C-alpha cells in the first residue's frame with residue numbers, strides 16, 4: 001500500500017465547548033475519510049475542576065467535563081482515537097489517597113485508546129505502577145525505555161496499530177530521561193535509550209513494514225528547550241515518517257498545532273494542551289481520495305466558556 005496523503009483540520013477545544021464546530025463540507029465530496037485524534041497530557045490527578053476561588057483556571061479541568069465532551073464528539077464522529085502523553089499521576093489529594101487507581105479507572109471508563117508514560121507515573125515506583133495497571137483498560141506505549149529484567153518487562157508495548165475505516169494508524173511513545181528527574185530507586189533498572197534513534201527506527205517500521213498511513217508519536221519529552229536537550233521540536237526535525245507528535249511534560253498551551261519539517265523536508269505537526277485537563281486536543285485528518293495534497297483549511301478559532 002502506498003502512503004496516503006492527508007489533509008488536516010485541527011483545533012484545541014476547551015472542555016466546556018460542544019463538538020459541533022468542525023464541519024467537513026469542503027472534503028465531503030470525493031470520498032475523503034476522516035480520522036479524529038483527541039488527546040490530553042499532564043493530567044496530574046486533576047479529578048475535579050479547579051475550585052471557584054478566583055484563580056486563573058477556576059471551574060476548568062477535571063474528568064467529568066472532559067468525559068462529556070468526548071462523548072459528544074464520539075456521537076458525531078465515526079473514527080476517533082483518544083490518546084494521552086503521560087504524567088497522569090501526581091498533583092492532588094486524590095493521588096495521595098488512592099495511589100493512581102481512580103485516574104486509571106476513569107480513563108478506562110472514558111475509553112482511552114493508549115497512553116505513554118510520564119516521569120510522574122513512576123512516583124510510586126515500578127511496584128506501585130504495576131499494582132494499578134490492572135485498572136487501566138488501555139495500553140501504555142513506550143519505545144525508548146528498556147524494561148528488560150524489571151517487573152514492567154512485557155507489560156509496556158513499544159507501539160500499537162489501530163485500523164479505522166481501512167486507515168492504519170500507528171502510535172508509539174517516547175519518554176524523558178528519568179535519571180536526575182526521578183529518584184533512582186523509583187525507576188529501578190529501567191534503561192533510557194536515545195529517543196531520536198528509537199523514534200526513527202519505530203516510525204520507519206510502522207510506515208514501511210506495517211504500512212501505516214498515519215504515524216503518531218506520544219511524547220513526554222517537553223516542547224522545546226534553550227539548549228540542545230532533546231525535545232518535541234528536536235524530535236520532529238531529526239526524524240522521518242512521523243506525521244504528528246502529541247507532546248507533554250512542559251505543560252505548554254498551544255492555540256493550534258505547529259508545523260515543522262523533518263529530515264526529508266516533510267511536514268510534522270506538534271500539539272500539546274497544557275495540563276490538568278483544562279483543554280482537550282482535537283485534530284482531524286482527512287485522506288484525499290485522489291492521494292494528492294490540497295490546501296490546508298483554516299484552523300477554527302474557539303472561545304472557551
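Rule-based calculations on the coordinates, nothing more; no lab input. Predicted, not measured: the structure shown is a model, and the values here were computed from it. FYI the Cβ positions are ideal-geometry reconstructions off the backbone, even for glycines, and counts take in every protein chain you see.
For the stretch 94-227, what does the relative contact order come out to in percent, with C-alpha contacts under 8 Å and a separation of six or more?
It comes to 27 percent, rounded to a whole number.
Let me know the whole percent of all Cα-Cα pairs from the stretch 28-102 that are separated by more than 16 Å.
For the stretch 28-102, the share of Cα pairs beyond 16 Å comes to 61 percent.
Would you please put 274-284, 119-129 in order of how densely packed they are, using the mean number of other Cβ atoms within 10 angstrom per residue and starting with the highest?
The most tightly packed comes first, giving 274-284, 119-129.
By per-residue mean of other Cβ atoms within 10 Å, what is the highest-first order of 258-266, 191-199, 38-46?
Put in order of decreasing packing, that is 38-46, 191-199, 258-266.
For a test of the definition: using alpha carbon positions, the gyration tensor, and the 1.5 limit on a/c, classify the stretch 80-216 as rounded, prolate or oblate.
Oblate shape, in that a/c is at least 1.5 and b/c is the bigger or equal ratio.
From the P(r) of the stretch 115-179, could you give the percentage of C-alpha pairs in the tail past 21 Å?
It works out to 24 percent of all Cα pairs.
Mind ranking 212-218, 150-156, 235-241 by how tightly packed they are, going by the mean number of other C-beta atoms within 10 angstrom, highest first?
Most protected by this proxy first, the peptides run 212-218, 235-241, 150-156.
Quick check: the distance between the Cα centres of the stretch 133-167 and the stretch 180-210, to the nearest angstrom?
Each part reduced to its Cα centre gives a spacing of 12 Å.
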